[in-house]
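Reading through the structure tokens given below for one structure.
The values are calculated or read from the model by the stated rules, or taken from the named source; none is laboratory data. All values derive from a computational prediction rather than experimental measurement. Positions of Cβ are generated from backbone atoms using ideal geometry, with glycine treated the same way; all protein chains shown enter the neighbour counts.
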Amino acid sequence: MLSFLTARQTGVDDPVRLRRAESTRRVLSLELNHDRDVERIHGNGVNCIDIEVIEGRYMLSGGSDGVIVIYDLENSSKKSHYTCKAVCTVGRSNRHVHKFSVETVLWYPYDTGMFVSSSFDKSMKVWDTETLKPADVFQFDGNVYCHHMSPIARKHSLIAVGTKDPKVQLCDLKSGSRIHFLQGHRGEILSVRWSPRYEHILATASTDGRVCMWDVRRAAGSLFTLDQYNGDKSKASSEAVNTAHNGRVNGLCFTDDGLYLLTTGTDDRMRLWNSATGHNTLVNYGKVVNESRKGVKFTVSRGCSPEFVFMPCGSSVAVYGLYTGELVTTLRGHYNNVDCCEFHPDYQELYSGGKDCNILAWVPVLRQPDVEDEGKKGGAQAAVNPAFEDDWSSDED
């Protein structure tokens, strides 16, 4: 690390290189924090968590008991051992609480005064954080598996919603109504994800094994459907439609720059795609056990070189190299299956929730490494950074 500091002081290296090297070192040293507890509120499994990006201080969680909790992650006690307390809770006694399992919770990207939750009670609720009352409620005909808001949108306020219906539904926060349906899937929609690069680009995954890429400004149909065989008809099945996985596709995650898309399915495979062309990069992650009938909430690191994937696998979280497919390490600490994990980019920390009703904090361990070895290791890691040459050719259309 001293070699990076020296190079930065002399002007040899860009400051971004030092920051990425340190972020990478911190992610590689993640361990369960025994000095930080997250208050246990949920009486059943934790299905989803989300950390707001405004201050990076407040975390949402939703559980199988229908309860929603807001935690304060800041150490206000200034003690070495502390507990992240629940600031407020939408509990079973609240008349507005979801009746069944909460599948997704999401902060409004620009303000902590609002968040959105969806549930198996066939509803999606837009909450006022101050009053803990729904400002708007969207009702659907079937279970709601997922929803997502664009983290960068300025020209629209759409929420993409996946339900038992094969049509992807777009709800407008401004008008409070469902304004459009995206038709192309043949099964339940288990995951939806807006691109962090282009505000009108949406990825959707279904039980039919397909992943579709949409430009919501175009009503004709999807831009393209991901093909795991990259157009090689000799390897494809007899069916005319392209499939991303040989089973249900229940997880989607864009890289932070939006250039790549990760998918996971019940065929125990995880795949990395070029999000502009739909090309399967053929990165081999090995067998990634996935038996979930619902959506899988996994995440990707930010600010590292190279980046890493955090994937719930049984009662642990598997950490993979994003571009190499290498299993870097396995984080063990839960007593039951892990259902979700969320990366905190400000501190390179990870939070995971599982069926054991616990939310665990994984933090970098501050060791005193050998100066020369650390400099060499950091330099090697920082040098690994793939060139992103592809882009959306139709962005200016």
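Residue by residue, here is whether (1) among the charged types (D, E, K, R); (2) in a strand (DSSP E or B) holds:
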position	(1), (2)
Lys174	yes, no
Leu190	no, yes
Arg193	yes, yes
Gly209	no, no
So which pairs qualify, if the first residue must be in the stretch 97-113 and modelled with pLDDT under 95, the second must be among the acidic types (Asp, Glu) and part of a loop (DSSP other than H, G, I, E, B), the Cβ gap must be under 6 Å, and the two must be at least 6 apart or on different chains? Thr112/Glu52
Residue among Thr24, Thr83 that is under 29 Å from Pro364 (Cβ atoms) and either hydrophobic (A, V, I, L, M, F, W, C) or surrounded by fewer than 18 Cβ atoms within 10 Å (Cβ to Cβ) (or both): Thr83
If you go through the stretch 235-248 one residue at a time, do you hit one that is at pLDDT below 95, assigned to a loop (DSSP other than H, G, I, E, B) and touching a Leu at 6+ places or on another chain (Cβ under 7 Å)? yes
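With Ile70, Ile41 as the choices, which residue is assigned to a strand (DSSP E or B) and crowded, with 16+ Cβ neighbours inside 10 Å? Write out each step before concluding.
Details: Ile41 fails: assigned to a strand (DSSP E or B).
The conditions single out Ile70.
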Looking at (1) assigned to a loop (DSSP other than H, G, I, E, B); (2) farther than 17 Å from Phe343 by Cα, find the lone condition where Ile54 falls short. (2)
Are there any strands (runs of 3 or more DSSP E) wholly within the stretch 299-349 with 2 or more residues that are buried (at least 21 other Cβ atoms within 10 Å of the Cβ) and out of contact with any Gly (no Cβ under 6 Å at 6 or more places or on another chain), and if so which? 308-313, 316-321, 338-344
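Results for (1) in a loop (DSSP other than H, G, I, E, B); (2) touching a His at 6+ places or on another chain (Cβ under 9 Å); (3) among the hydroxyl-bearing types (Ser, Thr, Tyr); (4) surrounded by fewer than 21 Cβ atoms within 10 Å (Cβ to Cβ), shown as yes or no for each residue.
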residue	(1), (2), (3), (4)
Ile159	no, yes, no, no
Pro166	yes, yes, no, yes
His180	no, no, no, yes
Arg186	yes, no, no, yes
Pro196	yes, no, no, yes
Ala203	no, no, no, no
Trp214	no, yes, no, no
Gln228	yes, yes, no, no
